[in-house]
């Protein structure tokens, strides 16, 4: 069945197609849509901005629109067209149930490490073709008003809103996407590469065409069932895919249109790259709610409302409500904390500023002085601070031991997670063996999904040092020389290094200290090994390090849209050389250097054991990429989860789904509380771009004149 429209995480993965409206990640095979069927079961909208979740069926625009007084004055003076001419024919109506009618005006004070820091773009979802709502359970329209795919999801047609405009008032059309595709991605001189959503289940690149100014067609040589979910993820023109650039502005800096352009045009220092950065160049047009007004490198960036922003609230008010955002550069995190406590900031998205639960007490004490409320949104991590061995360790005996499931299971059983939960996470979250996010749509869809999650979470979570010792005894990791320490099965010394980047945060270091203590208690020799941050990646990918102990699983809404934690597909996670091998499949390099030691190949890579767990995972994953039926695809995801139980843990978690801090001024409205969010929040993963998914453009000051 064909699918259409808006897609939510849950709808996309689940099972039946929606004929109209948004798509739920769990409810479709291929897909079409423009909005969906509604909220999380049991969620009830309440008056006064206290509702929960978001509508998934597109809301109709009211008959009359409203605009900021500052823009109305510009219209009156002839400096701007009328509002009706600035908005698209069908503006996007922000659908969150917690929103109350706003007020225009005021300035919002924020802090960033650099004036064009990537986190600034995480506040703005304006370039996204599709959007996540309900903490990733649903996908709804964005710049795309509706879409459909054929039965096997090998062809997708996107229909964009009519009348969209860039922030300089020039029309936005599909030519701006084709400019990115043809003049950047397909241009060998430019570093942009085809993103995941541009590839079929076979990994081949799509054919992209634009039949007219509002229609885009993506044709694949095989099913591409994850297209909608991938189009909604990340922030486009931010930490995600570029997807569009203002052709009318940038073509003057591109050699195809201007032969006088210098040869270094596409380098980081080239004029094209500098001019297209809308976070440092005020002249670069944008589709976001705010546009850059002024930029002082190392000092400050001021963003002002975009007169042509294409989103409104339910009352017809063009967003954003707040006039300006002032991002001041504060490089030292401790100085930033002091500014928070002294009331010099109005809004703090904790994950961007390195805030942890240990900071709550200080902010509570400073509440009267700072004027900031302390909010807690669920992070959605599947692990908390985690640990995993290098499954592709360079040393053969150590690699053999690491690949023995009982060895990894023993260490998990020897870990006192209850103490970590108390001392690091202040009794929040849930103890876990380590899984993908508990927010994942595969675990939300039905009781079977919840059971799969709980089975994985609880598989080796219970503290049982005696069982841990017995498992080590079974595999020959015993004290052979009566020195009180266990040796390798061949009698050589066993030393476990807990490797981590030297600049890792305190919570990871605290956890690592506890791991050392717990594992030494069962007779193992453990050392903590901080590594220079710049060297960590290369050493890891080459198999030189034992472990990684300063990360956490922050995957997105569904298993397969971003599966790097689920199975090795790239070289930064738990099986780096096999991940690198996967990444090169289908390329000429796949068949090169076959007679070279895997650790001496360029880049280092190795084939998996054809009968081992990774080969099984890859086979299931390859099936999923070609499976248009969401129910069958979900079953494949669960099968991979079960391999993590029988052959894992491949990564070891501690405490999952702990809260993230958000600080908001007491006078700031429409900032959601945990109880407003469909799943309590989903802050951790980049794929679910927070706070952009909660539309900060709808935030407003109760007393704007006091915040100018």
Of the residues in the stretch 474-508, those that are closer than 20 Å to residue 540 by Cα, buried (at least 18 other Cβ atoms within 10 Å of the Cβ) and within 27 Å of the chain's Cα centre (by Cα) come to 498, 499, 500, 501, 504, 508
Cross-chain or 6+ apart pairs with Cβ under 7 Å, the stretch 266-277 first and under 18 Å from residue 186 (Cα atoms), then part of a helix (DSSP H, G or I) and modelled with pLDDT of 95 or more = 266/272; 266/273; 267/273; 272/250; 272/253; 276/250
Might you check whether a residue that is without any contact (Cβ under 8 Å) to a residue 40 or more places away in the chain and buried (at least 21 other Cβ atoms within 10 Å of the Cβ) occurs anywhere in the stretch 284-296?
-> yes
So how many residues does the stretch 513-524 have that are under 25 Å from residue 359 (Cβ atoms) and in contact (Cβ under 8 Å) with a residue 40 or more places away in the chain?
-> 2
Do the conditions hold for residue 358, that is, is it over 25 Å from the mean Cα position of the chain (by Cα) and either at pLDDT below 95 or within 30 Å of residue 582 (Cβ to Cβ) (or both)?
-> no
Residue 631 passes all but one of the listed conditions (1) loosely packed, with under 15 Cβ neighbours inside 10 Å; (2) touching a strand residue (DSSP E or B) at 6+ places or on another chain (Cβ under 9 Å); the exception is number (1)
Can you tell which of 21, 26, 51 is more than 26 Å from residue 561 (Cα to Cα), surrounded by 20 or more Cβ atoms within 10 Å (Cβ to Cβ) and modelled with pLDDT under 95?
-> 51
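Here's the yes/no breakdown for (1) more than 26 Å from residue 449 (Cα to Cα); (2) not in a loop (DSSP other than H, G, I, E, B):
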residue: 530; (1), (2): yes, yes
residue: 536; (1), (2): yes, yes
residue: 552; (1), (2): no, no
residue: 560; (1), (2): no, no
residue: 571; (1), (2): yes, no
residue: 578; (1), (2): yes, yes
residue: 582; (1), (2): yes, yes
Quick one: would you say residue 670 is under 25 Å from residue 345 (Cβ atoms), in contact (Cβ under 8 Å) with a residue 40 or more places away in the chain, touching a helix residue (DSSP H, G or I) at 6+ places or on another chain (Cβ under 8 Å) and buried (at least 22 other Cβ atoms within 10 Å of the Cβ)?
-> yes
Does residue 223 meet the test of being surrounded by fewer than 16 Cβ atoms within 10 Å (Cβ to Cβ) and either farther than 21 Å from residue 687 by Cα or modelled with pLDDT under 95 (or both)?
-> no
Check 443, 425 and return the single one that is crowded, with 24+ Cβ neighbours inside 10 Å, closer than 30 Å to residue 359 by Cβ and without any contact (Cβ under 8 Å) to a residue 12 or more places away in the chain.
-> 443
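This table checks each residue for (1) within 24 Å of the chain's Cα centre (by Cα); (2) surrounded by fewer than 22 Cβ atoms within 10 Å (Cβ to Cβ).
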position: 622; (1), (2): yes, yes
position: 650; (1), (2): yes, no
position: 656; (1), (2): yes, no
position: 685; (1), (2): yes, no
position: 691; (1), (2): yes, no
position: 696; (1), (2): yes, no
position: 708; (1), (2): no, yes
Is it fair to say residue 620 is out of contact with any strand residue (DSSP E or B) (no Cβ under 9 Å at 6 or more places or on another chain), closer than 25 Å to residue 687 by Cβ and in a loop (DSSP other than H, G, I, E, B)?
-> no
Condition broken by residue 341, with the remaining ones in (1) buried (at least 24 other Cβ atoms within 10 Å of the Cβ); (2) in contact with a helix residue (DSSP H, G or I) (Cβ under 9 Å, 6 or more places away or on another chain); (3) over 30 Å from residue 652 (Cβ atoms) satisfied = (1)
Would you point out which residue out of 308, 249 is at pLDDT 95 or above, closer than 26 Å to residue 158 by Cα and in contact with a strand residue (DSSP E or B) (Cβ under 7 Å, 6 or more places away or on another chain)?
-> 308
Within the stretch 160-207, how many residues turn out to be assigned to a helix (DSSP H, G or I) and either buried (at least 21 other Cβ atoms within 10 Å of the Cβ) or out of contact with any strand residue (DSSP E or B) (no Cβ under 8 Å at 6 or more places or on another chain) (or both)?
-> 12
So which residues in the stretch 485-518 are assigned to a loop (DSSP other than H, G, I, E, B) and closer than 23 Å to residue 573 by Cβ?
-> 502, 503, 504, 505
Give the residue, chosen from 504, 527, that is in contact with a strand residue (DSSP E or B) (Cβ under 9 Å, 6 or more places away or on another chain), within 18 Å of residue 415 (Cα to Cα) and free of Cβ contacts under 8 Å to residues at least 60 places away in the same chain.
-> 527
Within the stretch 391-423, which residues are part of a loop (DSSP other than H, G, I, E, B), out of contact with any helix residue (DSSP H, G or I) (no Cβ under 7 Å at 6 or more places or on another chain) and within 19 Å of residue 644 (Cβ to Cβ)?
-> 403, 404
Of the listed residues (609, 595), the one being assigned to a loop (DSSP other than H, G, I, E, B), loosely packed, with under 15 Cβ neighbours inside 10 Å and touching a helix residue (DSSP H, G or I) at 6+ places or on another chain (Cβ under 8 Å) is 609
Unique residue being more than 17 Å from residue 381 (Cβ to Cβ) and buried (at least 22 other Cβ atoms within 10 Å of the Cβ) when the list is 471, 514, 524 | 471
Test each condition in (1) more than 26 Å from the chain's Cα centre (by Cα); (2) surrounded by 15 or more Cβ atoms within 10 Å (Cβ to Cβ); (3) modelled with pLDDT under 95 for residue 238 and report the one that comes out false.
-> (1)
Condition met for residue 380 (crowded, with 23+ Cβ neighbours inside 10 Å and either in contact with a strand residue (DSSP E or B) (Cβ under 6 Å, 6 or more places away or on another chain) or closer than 25 Å to residue 579 by Cα (or both)) | yes
So how many residues does the stretch 146-192 have that are farther than 18 Å from residue 129 by Cβ and without any contact (Cβ under 8 Å) to a residue 60 or more places away in the chain?
-> 2
Can you find a residue in the stretch 645-657 that is in a helix (DSSP H, G or I) and either within 18 Å of residue 437 (Cα to Cα) or in contact with a strand residue (DSSP E or B) (Cβ under 6 Å, 6 or more places away or on another chain) (or both)?
-> yes
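The values are calculated or read from the model by the stated rules, or taken from the named source; none is laboratory data. On a predicted model such as this, the values are computed, not experimentally measured, just so you know. Because the Cβ atoms are built from the backbone with ideal geometry, glycine has one as well, and the counts that use them run over all protein chains shown.
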